[in-house]
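Report on one structure; see the data block that follows.
Just so it is clear, none of the values below were taken in a lab; they were calculated from the coordinates. Keep in mind the model is a prediction, meaning the values are calculated, not measured. Cβ sites come from the backbone with ideal geometry, for glycine too, and all protein chains shown count toward neighbours.
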Amino acid sequence: MAIPWPKRSFLLFLVLLIGLVACQSTSTPVVVPSVSPLDSPLTTVSVISTPVPPPTPAADRGVVVGTLTSDEPFALVGLILYLGDIIEADDETHVGFLDRSRAPLGQFDSTTGRFVFADVPPGIYSLIIYEVETTGRVYLEPSGDVYVIEVRAGETTDLGAVMLPAP
């Protein structure tokens, strides 16, 4: 036989009340000393990254540096940067594509937006911004053409501030 709802809720309340009373202790309470977060050893560890100077390029390799920026506060989180290949469609138009098995992989700090590609073979590349959720996309200049990056042996190429395109 089923117990009607009002009696069932009263019985549940009664069981909870008895359990609460049974769990209360008559012993003296334990005093836990308070500790200030400022006394923690973690306060000496900075979560803000210190700018690291870009590596010196080898005589037969280049380095690419820059800063990725965005108007969206969390847009830089989870990005992976590559230097992709370029195919010239004509004198003014290029096509960029990513072959992850051989594309240079950038070191990227999503808190500052700074990125570095070290030890890059000389050549012409496109900037590929890979988002894990939406896959990669080729960074385009305002003209609509691929952002062409020329890497020269023994030199550092500074791309400056690169605005993350809207999805």
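In nm, to one decimal, how far is the modelled label at ASP60 from the one at ASP109, with both set 7 Å along Cα→Cβ?
Roughly 3.1 nm, to one decimal.
Would you please put 107-119, 69-81 in order of how densely packed they are, using the mean number of other Cβ atoms within 10 angstrom per residue and starting with the highest?
Final packing ranking: 107-119, 69-81.
Which percentage, to the nearest 5, of the DSSP beta bridges contained in the stretch 62-163 is antiparallel?
Bridges in the stretch 62-163 are about 80 percent antiparallel.
Using the Karplus curve 6.51 cos²θ - 1.76 cosθ + 1.60 with θ = phi - 60°, what ³J(HN,Hα) values do you get for each residue of the stretch 76-90, in whole Hz, with x for Gly and Pro?
In residue order, the calculated couplings are 8, 6, x, 7, 10, 10, 10, 9, x, 6, 10, 10, 7, 6, 7 Hz.
Label VAL95 and VAL77 with points 7 Å out from Cα along Cα→Cβ: what is the distance between them in nm?
3.6
Output wanted: per-residue J couplings in Hz (rounded whole) for the stretch 94-104, from phi through Karplus 6.51 cos²θ - 1.76 cosθ + 1.60, θ = phi - 60°, x for Gly and Pro.
Once rounded to whole Hz, the list reads 10, 10, x, 8, 10, 10, 4, 5, 9, 6, x.
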